[in-house]
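Working notes, beginning with the structure itself.
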Amino acid sequence: MNIILYGPPGSGKTTVGHTLAAQLGRTFIDADVLIAERAGRTIPQIFAEAGEAEFRRMESEVCAELGAQNNLVIAPGGGALLSEANRRKLEKSGVVFCLRADAETLLARLSAAGDRPLLAGPNPAEKLNALLAARRTLYDSFPEQVSTVDQSPAQVSVVILERLQPHEIPLRAPGLQHDILLGYGLLERLPEILRERELTGPTLLVTDENIFRTLDAGRQKTFAHRLPSVVLPAGEQHKNLATLERLYTEFLKHGLDRNSIVIALGGGVLGDMVGFAAATFMRGVRWVNVPTTLLSMVDASLGGKTGVDLPQGKNLVGAFHPPALVISDPLVLNTLPTAERAAGMAEVIKHTLIDDAEQFAELETASAFGSAAQLARNLSVKVRVVQEDPFEKGRRATLNLGHTIGHGVEAASGYQLRHGEAIAIGLHAELLIANNLKWTPPEITERVLAVLRRFGLPTHCPGLEVAHIRQLMSADKKKSGGQLKFALPRGVGDVVWGVTVPEDMIMEALWAVTGGG
Ligand SMILES: NC(=O)c1ccc[n+]([C@@H]2O[C@H](COP(=O)([O-])OP(=O)(O)OC[C@H]3O[C@@H](n4cnc5c(N)ncnc54)[C@H](O)[C@@H]3O)[C@@H](O)[C@H]2O)c1
Ligand SMILES: [Zn+2]
């Protein structure tokens, strides 16, 4: 895994890069220096003699080259990651830390260095401010932000080194005894981690075609090719008995036995299916879940539920069979399609509403989500809830927030809405009910809606029929005693479960989110 340091001029990419590389015994590469060396001219000379287009071409070439290498500390040029393609090439290879400082600090550092072309000519402060304004969205879009204000390069290095440490979160409840390892670059260390944890024996990796294609194009190739693997078609429509049968056949073909380990590398669909295959093959083999979607990292990979769908409905066949280990590497999220990332945010936001008001407040202003620390903190909500109520007698029902109505919305859309999208709409409707019951003030609903929208989620489903949603909600397997039970917020970080709601309030909320369809 590479470590990539990015940020505005004067943020210290080069000095921190040298310090960090020295501490880690790695090579530091300043991409601009490399380009200049290769061209045999300075960057301003390249600009003047060959033009900016030629410089950008050389820059892309260098990004591709560095992205194909490993264990480097890289400082790309200031404008390098404005190109989406360059960003993808580098992010596939490692984690980007965006170094930040206010304009005044940056200017003071640049003046002290004295040789930055940016400062040539009149009014450098104005120029710097314009550059910062133009690039703010880009800088803000990296989940790893590091303030360098009043910090020496050595101190900034320490912060980065700390953030590179993997999180080890134990999950301990009756029948659920495993760790969740979460950290940058864990995927490429997977074979080594399995050995360390004595998860050895005939091993088979199962993934889906999308993941295989995207990861295979990156450096993960090395490990995906070292392990025998099966690549399944992607999508919920394949989470069925036919794919399961194919899996059993592959298990036999690869000589798996009771001492085997099956690795599920994929989203919730793959994890549910492979977990169920592991639960039932030869009456149960060990498996390791390596979630690759945001939704599966914070939700589906935790709790031990596995299963497949039947034509009659989702998750109708299943088993409780927790993995021996969950390994989450936030770097895999870099290739996740935007809509899938947004869908995962619905569960992230749900978790903050259940038990993390502080992280909810962070989300209200955050531009990006997905650092290892943020993920560890968010999934810990589910871990805590599951540990407290392993047998689903009480508090675990809070995880159903947004789902009573959300499941109805998801089904009424004919599964055209992603699960997370439907949950966002369900959250909206259930908050309206909580408002109506006078449990939460409308301001809370507005704040939640703002966060949902901030992360690209829908909050309405015009076109769906109220009666249809209501009818499908009744089919929800979570209904008990013939009555729908809701989990409803009493505020941010405080959710009550087992609530029955007057029918007219349910209908009113459905009218509001559908626009009365
Ligand atoms: N077991 C549980 O407790 C539990 C909880 C919640 C949801 N689920 C289940 O999870 C499933 C939904 O999971 P999901 O949202 O992860 O969907 P998914 O597994 O279908 O993945 C979404 C899409 O993203 C692709 N993809 C996955 N990782 C990628 C990556 N890193 N880069 C590029 N593409 C990638 C997949 O191929 C797929 O096309 C549902 O079947 C649901 O029932 C289970
Ligand atoms: Zn859900």
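The values are calculated or read from the model by the stated rules, or taken from the named source; none is laboratory data. All values derive from a computational prediction rather than experimental measurement. When we count neighbours, we look across all protein chains shown, and the Cβ atoms used for this are built from the backbone with ideal geometry, even at glycine.
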Q.
Looking at the stretch 277-309 only, could you name the residues that are in a helix (DSSP H, G or I) and touching a helix residue (DSSP H, G or I) at 6+ places or on another chain (Cβ under 7 Å)?
A. Ala277, Phe281, Leu294, Leu295, Ser296, Met297, Val298, Asp299, Ala300
Q: Identify the single condition in (1) more than 16 Å from ligand 2 (Cβ to nearest atom); (2) touching a helix residue (DSSP H, G or I) at 6+ places or on another chain (Cβ under 7 Å) that Gly420 does not satisfy, given that it satisfies every other one.
A: (1)
**Q.** Gly17 in a helix (DSSP H, G or I), closer than 25 Å to Gly185 by Cβ and either in the same structural domain as Leu128 (by TED's automatic domain parsing) or among the aliphatic types (A, V, I, L, M) (or both)
**A.** yes
**Q.** Residue check, Phe369 aromatic (Phe, Trp, Tyr) and assigned to a helix (DSSP H, G or I)
**A.** no
Q) Can you tell which of Lys239, Lys253 is within 11 Å of ligand 1 (Cβ to nearest atom) and among the basic types (Lys, Arg)? A) Lys239
(Q) Given the condition away from ligand 2 (no atom under 16 Å from the Cβ), under 15 Å from Leu182 (Cβ atoms) and either buried (at least 20 other Cβ atoms within 10 Å of the Cβ) or assigned by TED's automatic domain parsing to the domain that holds Arg447 (or both), answer yes or no: does some residue in the stretch 333-345 qualify? (A) yes
Q: Any residue in the stretch 323-338 that's free of Cβ contacts under 8 Å to residues at least 24 places away in the same chain: show its pairings with residues that are away from ligand 1 (no atom under 11 Å from the Cβ) at Cβ separation under 9 Å, as long as the two are six or more apart or on different chains.
A: none
**Q.** Selection within the stretch 261-276 - more than 7 Å from ligand 1 (Cβ to nearest atom) and part of a strand (DSSP E or B)
**A.** Ile261, Val262, Ile263, Ala264, Leu265
Q | Selected residue (only one of Thr404, Thr459 is more than 15 Å from ligand 2 (Cβ to nearest atom), modelled with pLDDT of 95 or more and not assigned by TED's automatic domain parsing to the domain that holds Ala300) | A | Thr459
**Q.** Those residues of the stretch 291-326 which are among the hydrophobic types (A, V, I, L, M, F, W, C) and either more than 20 Å from the chain's Cα centre (by Cα) or within 6 Å of ligand 1 (Cβ to nearest atom) (or both), in sequence order
**A.** Leu295, Ala300, Val308, Leu310, Leu316, Val317, Ala319, Phe320, Ala324
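Conditions tested, residue by residue: (1) without any contact (Cβ under 8 Å) to a residue 24 or more places away in the chain; (2) closer than 22 Å to Glu364 by Cβ; (3) surrounded by fewer than 21 Cβ atoms within 10 Å (Cβ to Cβ); (4) in contact with a Phe, Trp or Tyr (Cβ under 7 Å, 6 or more places away or on another chain).
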| site | (1), (2), (3), (4) |
| --- | --- |
| Arg418 | no, no, no, no |
| Gly426 | no, yes, no, no |
| Val448 | no, yes, no, no |
| Pro462 | no, no, yes, no |
| Gln483 | yes, no, yes, no |
Q | Residue that is surrounded by the fewest Cβ atoms within 10 Å (Cβ to Cβ) [pool: residues in the stretch 9-54 that are small (Gly, Ala, Ser) and within 18 Å of Phe97 (Cβ to Cβ)] | A | Ala22
(Q) Among (1) under 18 Å from the mean Cα position of the chain (by Cα); (2) away from ligand 1 (no atom under 12 Å from the Cβ); (3) under 16 Å from Gly266 (Cα atoms), there is one condition Gln359 misses while meeting the rest; what is its number? (A) (3)
Q | Matching residues in the stretch 360-376 - criterion: being surrounded by fewer than 20 Cβ atoms within 10 Å (Cβ to Cβ) and within 24 Å of Asp329 (Cα to Cα) | A | Glu362, Ala366, Ser367, Ala368, Ser371, Ala373
Q. Which one of these is away from ligand 2 (no atom under 15 Å from the Cβ), closer than 17 Å to Leu186 by Cβ and not aromatic (Phe, Trp, Tyr): Ala324, Ala357?
A. Ala324
